[in-house]
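The values are calculated or read from the model by the stated rules, or taken from the named source; none is laboratory data. If you're wondering where the values come from, they're calculated on a predicted model, not measured in any experiment. Counting neighbours? That spans all protein chains shown, and the Cβs are built from the backbone with ideal geometry, glycine included. What goes into the accessible areas is simple: the full protein's heavy atoms, side chains included, and nothing from ligands, DNA or RNA. Shrake-Rupley method; radii C 1.70, N 1.55, O 1.52, S 1.80 Å.
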Amino acid sequence: TPELHVALAQMSHRNGQVVQARQHYQKALAMDPQHLDALLGAARMEDREGRLDVAQTLYQRAAKAHPKNATAQNDLALCYARRGDLPTAAKILDQAIRIEPRKALYRNNAAKVLVEMNQMKPAMDHLAAVHTPAVANYNMAVMLNDRGLGNEAVPFLWQAISLDPTIEPAHEMLAQLTAPIMQQGERSIIAQQQPNMPPPMVNANDSILPTPEAVATMPSEPWIAPASATQPSSSAPVLLPPVNN
């Protein structure tokens, strides 16, 4: 049956036997060309193997054969997103959300794509639709920080903490993002408080750089570790921020 071949394909892929897994998916689809698990399973495998052209074709077949299946629409959208076609990804994610409007996974993915497109207000609307206000603000901060917009993320972190002080990752990220600013401020204050002193006499033959032994003793780890992202439990390819309701 197609189901048996899908199960054998998944087991083969877990064991690193990609060619054998591909053969089982092909046999399943020969029996039922519209078999959803076979189409998505094969597409995700090819996706992970870096064959995005093949994966996109399989995702498209799944979405076309099952237009009311939100998972098929979501996976196809994320394939477009990974290939850089963000507008198409956003449109297809809208279809998935219309099918299952309360599914946080699809809202998160839509928000991620919209942030990449600099559409912050629609992105925040998606997050607010399925998360508490505190979590929505934290997730927005994570997405902005992932884009290298740490300064823009700070107000969202403050808002998240003010709404729910127990969100520890928000405290950690805020400390990480504001630490350089605080350190710069401390250096400025110390410089202002120091009396005017003549510069020290330096022998041209003496090095003012730290010795290799001194460098070796300097701590290499950051003082504040970044918040760790939790991985989604589903095997589907996703673009998720670390915190979900």
Over 19 Å (Cα to Cα) among 64/103; 68/121; 68/91; 27/68; 64/112 -> 64/103; 68/121; 27/68; 64/112
Counting every C-alpha pair in the range 1-50, the percent lying more than 16 Å apart is 24
Largest-first ranking of 12, 162 by accessible area, probe 1.4 Å, whole protein assembly kept, is 162, 12
With +1 at each Lys and Arg Cβ and -1 at each Asp and Glu Cβ, the charge dipole magnitude of the range 1-143 around its Cα centre, to the nearest 20 debye, comes out at 100
Reported to the nearest 10 Å², residue 99 has, with a 1.4 Å probe, an accessible area equal to 60
Whole-Å distance linking the alpha carbon centroid of the range 4-77 with that of the range 92-128 is 25
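Express the relative contact order of the range 1-65 as a whole percentage, based on alpha carbon pairs under 8 Å and six or more residues apart in sequence.
Rounded, it is 28 percent for the range 1-65.
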Taking a ≥ b ≥ c as the square roots of the Cα gyration tensor eigenvalues, with a/c under 1.5 meaning rounded and otherwise prolate when a/b beats b/c or oblate if not, the range 128-182 comes out oblate
Taking 0.36 nm per residue of separation between residue 166 and residue 121 and subtracting their Cα-Cα distance, the length gained on full extension comes to 13.7 nm
So the carbon and sulfur contribution to the accessible area of the range 1-160, 1.4 Å probe, in percent, is 52
